[in-house]
Amino acid sequence: AQTVTQSQPEMSVQEAETVTLSCTYDTSESDYYLFWYKQPPSRQMILVIRQEAYKQQNATENRFSVNFQKAAKSFSLKISDSQLGDAAMYFCASALNSGGYQKVTFGIGTKLQVIP
Amino acid sequence: EAQVTQNPRYLITVTGKKLTVTCSQNMNHEYMSWYRQDPGLGLRQIYYSMNVEVTDKGDVPEGYKVSRKEKRNFPLILESPSPNQTSLYFCASSLPGTSPESEQFFGPGTRLTVL
């Protein structure tokens, strides 16, 4: 079984500033992946960034980067130079390779507000 | 354009009236799944399918049925909807495995209200 915990229901950040969203997970598996999804008001689920557990290097996608601490089972998302379009619900998720498919478990989400 | 489509996008119905939410993908993905999203609970998996005629329960399957007669379609059926099934529903599809190529693609969501 796997669990994903997001302890910050809401966060806010000033435009152009940096914000970090927290996520912890628990799994006994060694082969797993971690994700951050963005859900804007349109409700579309958009993959922001992905991290393979076997990779030590933290993933980066433009202004988005993660701090992956495998021993601590922590997977935080850092958004640099925040923009108004970053306002959304952010979900942390983990995926196990379960019989050839991804068993994905989501956290409850963090609502990010960007203040002009 | 590669996409997952869901219909309807919005539905208001009454308790006990059978309904079907359709899901279709044009990416030839083997794997498809249904999630429901509720405030404070995130997304929870209802059912999934690894290929045609192969389906299995997710974490919250009670009150739902699915079928996978064609690779591209994976309808979600509520035989007797109840108010606790009021939720936002997402269909997703992907290739098998956990490689970067097996990213899950999500549909636009279906907002269901059961009165």
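Quick rundown of the values:
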| quantity | calculated |
| --- | --- |
| Residue within the stretch B:31-42 that is away from every other protein chain (no Cβ under 12 Å) and of a type in the set (S, T, N, Q) present | no |
| Index of the failed condition, A:GLU15 passing every other in (1) more than 12 Å from chain B (Cβ to nearest Cβ); (2) out of contact with any Pro (no Cβ under 8 Å at 6 or more places or on another chain) | (2) |
| Residue count, the stretch A:104-116 (criterion: at the interface with chain B (Cβ under 9 Å from one of its Cβ atoms) and either surrounded by fewer than 19 Cβ atoms within 10 Å (Cβ to Cβ) or in a loop (DSSP other than H, G, I, E, B) (or both)) | 3 |
| Qualifying residue in the stretch A:56-64 (condition: within 12 Å of another protein chain (Cβ to nearest Cβ) and not hydroxyl-bearing (Ser, Thr, Tyr)) | yes |
| Filter pass, B:ILE46 being surrounded by fewer than 18 Cβ atoms within 10 Å (Cβ to Cβ) and assigned to a strand (DSSP E or B) | no |
| Matching option when the condition is closer than 26 Å to A:SER7 by Cα and either within 14 Å of another protein chain (Cβ to nearest Cβ) or modelled with pLDDT of 95 or more (or both), among B:GLY97, B:GLY109, B:GLY63, B:GLY16 | B:GLY109 |
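Matching residues to (1) touching a strand residue (DSSP E or B) at 6+ places or on another chain (Cβ under 7 Å); (2) buried (at least 20 other Cβ atoms within 10 Å of the Cβ); (3) in a strand (DSSP E or B); (4) at pLDDT 95 or above:
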| position | (1), (2), (3), (4) |
| --- | --- |
| A:LYS38 | yes, yes, yes, yes |
| A:SER42 | no, no, no, no |
| A:TYR54 | no, no, no, no |
| A:VAL66 | yes, yes, yes, yes |
| A:ALA71 | no, no, no, no |
| A:LYS78 | yes, no, yes, yes |
| A:CYS92 | yes, yes, yes, yes |
| A:ALA95 | yes, yes, yes, no |
| A:GLN102 | yes, yes, yes, no |
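The values are calculated or read from the model by the stated rules, or taken from the named source; none is laboratory data. All of these numbers come straight from a predicted model, not from anything done at the bench. Ideal geometry is used to build each Cβ from the backbone, glycine not excepted, and the neighbour counts take in all protein chains shown.
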